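Undergrad: Input: one structure, supplied below.
All of the numbers you see were taken from the coordinates with simple rules; none came from a lab. From a predicted model like this one, the values you see are computed outputs, not experimental measurements. Ideal geometry is used to build each Cβ from the backbone, glycine not excepted, and the neighbour counts take in all protein chains shown.
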Amino acid sequence: MSGDREQVPELFAKIETEWRPEPVETTEFVATGPARALAGVFDQPDSMFSVGDVLPPLWHWLHLLDRPAQAELGEDGHPREGGLFLPPLPDRRRMFGGGRLEFREPIRIGDLLTRRSEVASVRVRRGGSGWLLLVTVRQEYLVDGEIRTVEEQDIVYKQADAVPGSVAKPTAAPAEAPAGPWSFALRPDPTLLFRFSALTYNAHRIHYDRGYVREVEGYPDLVVHGPLLALALLELPRRFAPERQVATFAFRSRAPLFAPDEILVTGGPDDSDPYRAVMRAGRPGSAAGITATVTFR
């Protein structure tokens, strides 16, 4: 390991040790529209959402969005610089790594929600495709000064491949596991991906531009959003155990999933722990693209 550290590129080492942007605080009201729109993405009724209703766990991702000007976007659709904690890495590629959340108290539609964000850690690792920069962002969501949700989100950055057009190799994923008692099928066609991109103000071209994703990023087809998959996993307890209150959620992206392949979202209670559930999503008969655990109060 020490030998690997000696080979860390100078820029990566400098970012790891010196890049510490100032914390950021943002506040806005939790509106009804985004929740109703996401319900439509998951083919669920939207009539359940009105002012005062509890926002399902993780649906705060529809609010307090980063909204850069068009002129600030780079070739890949992400801001060229600045943005919310984008590291100063030239020709960077961004991947959604995973995260951990603690849901202390509900966030309700109509709340004035404040998010406090800071970079918790910056680490350099060597992966199969080269040097990686792992940035963990910690966020606290508050209502009336009380912390309602605490989140740590892991984002992975790498520099662009030297030879575009080569198919990206997915990271190792666990072997296929049998479907659990909770399950539904997600069909991420281009229309669904477009709607989710619009709902989350995500201009990353890997989700809607087939030419770009194949010729520049080297993937075989449109990439399904990591946040969409994480939200889909939390649909399982919401649909199949609605009486239970989610306390924590931890997830990890294992390998990219692509449109238009059908995705099986499945899971269920952990036989060894009545307060825990395990979940996964991936192509039927294949290894998981994302795995997660939930604990209940």
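Undergrad: Taking the Cα centre of the stretch 2-296 as the origin, how large is its charge dipole in debye, to the nearest 20, when only Lys and Arg (+1) and Asp and Glu (-1) carry charge on their Cβ atoms?
TA: Here the stretch 2-296 has a charge dipole of around 440 debye.
Undergrad: Full extension from Asp144 to Lys14: what is 0.36 nm times the residue separation minus their Cα-Cα distance, to one decimal in nm?
TA: Gain in length upon complete extension: 42.9 nm.
Undergrad: Find which of Pro9, Pro284, Leu62 sits farthest along the positive direction of the dipole of the chain, computed with +1 on the beta-carbon of Lys and Arg, -1 on that of Asp and Glu, about the Cα centre.
TA: The residue sitting farthest along the positive end of the dipole is Pro284.
Undergrad: Still on this structure, I have one more. So for the pair Leu73, Ala120, with labels modelled 7 Å out along Cα→Cβ, what separation do we get in nm?
TA: Each label point lies 7 Å from its Cα, and together they span 3.0 nm.
Undergrad: Continuing with the same structure: Where the eigenvalues come from the Cα gyration tensor of the chain, what are the semi-axes √(5λ) of the equivalent ellipsoid, largest first, in whole Å? Before the final figure, lay out the partial values.
TA: Numbers: eigenvalues 173, 111, 81 Å².
Working from the Cα gyration tensor, I get semi-axes of 29, 24, 20 Å.
Undergrad: Cα centroid distance between the stretch 192-208 and the stretch 221-297, in Å?
TA: Centre-to-centre distance over Cα atoms comes out at 20 Å.
Undergrad: Starting from 0.36 nm per residue, how many nanometres of slack lie between Leu112 and Val24 once their C-alpha separation is accounted for?
TA: Details: separation 88, 0.36 × 88 = 31.68 nm, distance 1.67 nm.
Result: 30.0 nm gained on full extension.
Undergrad: Still on this model: What residue among Leu73, Gly180, Leu86 has its Cα farthest toward the positive end of the dipole of the stretch 2-296, where the charges are +1 on Lys, Arg and -1 on Asp, Glu, each on the Cβ?
TA: Gly180
Undergrad: Let me ask something else. With runs of 4+ DSSP H residues as the only contributors, calculate the mean residue ellipticity of the chain at 222 nm using -39,500 (n - 2.57) per run, divided by the residue total and rounded to the nearest 500.
TA: Working: 6 runs with 54 residues, N = 297.
Mean residue ellipticity, 222 nm, calculated: -5000 deg cm²/dmol.
Undergrad: Now for a separate question. Can you tell me, using C-alpha contacts under 8 Å and at least 6 residues apart, the relative contact order of the stretch 196-297 as a whole percent?
TA: On the way: 161 pairs, mean separation 25.3, N = 102.
Reported relative contact order: 25 percent.
Undergrad: By how many nm would the segment from Ser129 to Asp46 lengthen if fully extended, with 0.36 nm per residue of separation less the alpha-carbon distance?
TA: On the way: separation 83, 0.36 × 83 = 29.88 nm, distance 4.23 nm.
Stretched out fully, the Ser129 to Asp46 stretch lengthens by 25.7 nm.
Undergrad: Taking the alpha-carbon centroid of each part, what is the distance from the stretch 1-63 to the stretch 85-129 in angstrom?
TA: Cα centres, the stretch 1-63 to the stretch 85-129: 6 Å.
Undergrad: May I ask you to order 134-141, 206-213, 88-95 by the average number of other C-beta atoms within 10 Å around their residues, highest value first?
TA: On the way: 134-141: 19.6, 206-213: 18.1, 88-95: 15.5.
So the order, starting with the most tightly packed, is 134-141, 206-213, 88-95.
Undergrad: Using Cα pairs closer than 8 Å and at least 6 residues apart in sequence, work out the relative contact order for the stretch 2-296, in percent. Spell out each step's value before the answer.
TA: Details: 580 pairs, mean separation 53.2, N = 295.
Dividing the mean separation by the residue count of the stretch 2-296 yields 18 percent.
Undergrad: Report the net charge of residues surrounding Leu113, where surrounding means a beta-carbon distance below 9 angstrom and charges are Lys +1, Arg +1, Asp -1, Glu -1. Before the final figure, lay out the partial values.
TA: Numbers: positive: Arg115, Arg148; negative: Glu28, Asp111.
Neighbourhood net charge equals 0.
Undergrad: Here's another thing I want to ask about it. Counting only Cα atoms, I'd like the Rg/Rh figure for the stretch 204-297, Kirkwood definition for Rh.
TA: On the way: Rg = 15.1 Å, Rh = 14.2 Å.
Reported Rg/Rh, Kirkwood definition of Rh: 1.06.
Undergrad: What nm value, rounded to one decimal, do you get for the distance between Ala247 and Arg195 when each label is placed 7 Å out toward the C-beta?
TA: In this crude spin-label approximation the distance works out to 3.5 nm.
Undergrad: About the Cα centre, and with charges only on the beta carbon of Lys, Arg (+1) and Asp, Glu (-1), how big is the dipole of the stretch 1-146? Nearest 20 debye, please.
TA: On the way: 18 positive and 24 negative charges, 91 e Å.
For the stretch 1-146, the charge dipole is close to 440 debye.
Undergrad: Residues with amide H under 5 Å of Gly98's amide H, sequence separation 5 or more or different chain, H placed in the peptide plane at 1.01 Å from N; which?
TA: Here Asp154, Ser253 satisfy the definition.
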